[in-house]
Amino acid sequence: MSAIVLQLPGKVQRAAKLRMTRVDVEAQYRWVRKHSDEWGTCETDGAESAEYLSPRCRQLMKILEKEFGVIKGPTMTEMRQRIAEGRKLIGKRNLIKAWIASLGADLDMITTPEQALSYAFDRLA
């Protein structure tokens, strides 16, 4: 008879979840909304350059919402979803840039997706 000994992996302590406040999510949302459609954007996080509203601007928004009641922004779920979609879009664009660079393109000269597409067609034809 032969026996098989299985060794199960040990316990792994999970790291604590990092919860972002509404202010942080709004800043990330503004950054993604502004930069996700730009060809030159390479970073997917935008944590250093997140666009925070000043306290004065926040107070003004609250007053306007209270007075007119029509300024309703997206919910936290919608903002988180848009942030995830924007990061995915930037990531795909970075993969395309890497592929174009592997074809021998100078990415400093290519500033739009149309230029990248025409370069790829010229190179592959």
Quick one: which of Lys34/Lys72; Lys11/Lys34; Lys11/Lys97; Lys17/Lys66; Lys62/Lys92; Lys34/Lys62 span more than 31 angstrom between C-alpha atoms?
-> Lys11/Lys34; Lys11/Lys97; Lys17/Lys66; Lys62/Lys92
Filter the trypsin sites (Lys or Arg not before Pro) in the stretch 1-96 down to the DSSP loop ones having no more than 10 other Cβ atoms within 10 Å, then list what survives.
-> Lys11, Arg14, Lys17, Arg19, Lys72
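Checking understanding here: applying a Kyte-Doolittle mean of at least 1.6 and a length along the axis of at least 15 Å (C-alpha), which whole DSSP H helices in the chain pass?
Long hydrophobic helices here: none detected.
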What is the calculated FRET efficiency for Thr21 to Ile96, with r their C-beta to C-beta distance and R₀ = 41 Å, to the nearest 0.05?
-> 0.75
With each pseudo-label sitting 7 Å past Cα toward Cβ, what's the Leu64-Phe121 distance in nm, one decimal?
-> 4.3 nm
For the stretch 22-124, averaging the sequence separation of alpha carbon pairs under 8 Å that lie six or more residues apart and dividing by its residue count, the contact order in percent is 35 percent
Residue farthest toward the positive end of the dipole of the chain, with Cβ of Lys/Arg at +1 and Asp/Glu at -1: which of Thr77, Ile63, Gln7?
-> Gln7
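What is the ratio of the Cα radius of gyration of the chain to 2.2 N^0.38 Å, where N is its residue count, to two decimals?
So the chain has a normalised radius of gyration of 1.65.
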Using a/c under 1.5 as the rounded threshold, could you call the stretch 72-119 rounded, prolate or oblate? The axes a ≥ b ≥ c are square roots of the C-alpha gyration tensor eigenvalues, and prolate needs a/b larger than b/c, oblate otherwise.
-> prolate
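Read-outs: derived from the displayed coordinates by stated rules, not from any lab. Quick caveat, the model's predicted, so the values are computed rather than measured. Virtual Cβ from ideal backbone geometry, glycine too; neighbours counted across all protein chains shown.
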